[in-house]
Amino acid sequence: PLSELALCWENQHFRDRWRSLLSVDDLVSDIVSFLDDNNVLNETFIFYSSDHGYKQGQWRVGTSKQHPYETDVRIPLLVSGPSIPAGTELTQMVGNLDLTATFMDLAAGPDSIPTIVDGKSIVSYLIPSLQRDSEP
């Protein structure tokens, strides 16, 4: 078990993290409102992700993220945009490595992605109605 001191620190750290996330919520809301007010929200792709999460005392381990637990290896990635069906949940494994290729593909098409880019575009996963010659 965690010591009383470690437990106190974990609780304070958890509260501090939640407080800081409130400002992120405000920022995202402001961006979405700006896009909506300028009539471009329906033609804008929004990608929202984060860092790897920290454990907060789970498994009797202090705040860290270097263990092979789901909280350490899974990173949320939320995407909205034109032609992406609402409520879509993908099962394909993708990573932040794929974001550069995806952004280039959305901006200028798949032929715009240089061969030196390591990631693969996930556009065909996000917009299944888009006809592509091959899967990423």
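The values are calculated or read from the model by the stated rules, or taken from the named source; none is laboratory data. Computed from a predicted structure; not experimentally measured. Please note: Cβ atoms are built from the backbone with ideal geometry, for glycine as well, and neighbour counts cover all protein chains shown. To get the accessible areas, we keep the full protein, side chains included, count just its heavy atoms, and leave off ligands, DNA and RNA. Shrake-Rupley method; radii C 1.70, N 1.55, O 1.52, S 1.80 Å.
May I ask you to give the solvent-accessible area per residue for the chain, in square angstrom, as obtained with a 1.4 angstrom probe? Don't jump to the answer; show the numbers that get you there.
On the way: 10130 Å² over 136 residues.
Computed with neighbouring chains in place, this is 74 Å² per residue.
Give the label of the value calculated from the structure for Rg/Rh (Cα atoms, Kirkwood Rh), choosing from (1) 0.94; (2) 1.06; (3) 1.29.
Only one listed value fits the structure, namely (2).
Would you work out what percent of the accessible area of the chain, with all protein chains in place, is carbon or sulfur (probe 1.4 Å)?
56
With charges set only on the Cβ (+1 for Lys and Arg, -1 for Asp and Glu), what does the dipole of the chain come to about its Cα centre, in debye to the nearest 20?
Magnitude of the dipole: close to 540 debye.
Can you give the helix-only mean residue ellipticity at 222 nm for the chain, where every DSSP H stretch with n ≥ 4 adds -39500 (n - 2.57) and the sum goes over all residues, rounded to the nearest 500 deg cm²/dmol? Don't skip to the end; give the middle numbers.
Numbers: 4 runs with 52 residues, N = 136.
Rounded to the nearest 500, the figure is -12000 deg cm²/dmol.
Taking the 0 to 90 degree range and rounding to the nearest ten, how far is the long axis of helix 99-108 tilted relative to the main principal axis of the chain, both from C-alpha atoms?
30
Relative contact order for the chain: what percent, with Cα pairs under 8 Å and sequence separation of 6 or more?
Contact order relative to length: 18 percent.
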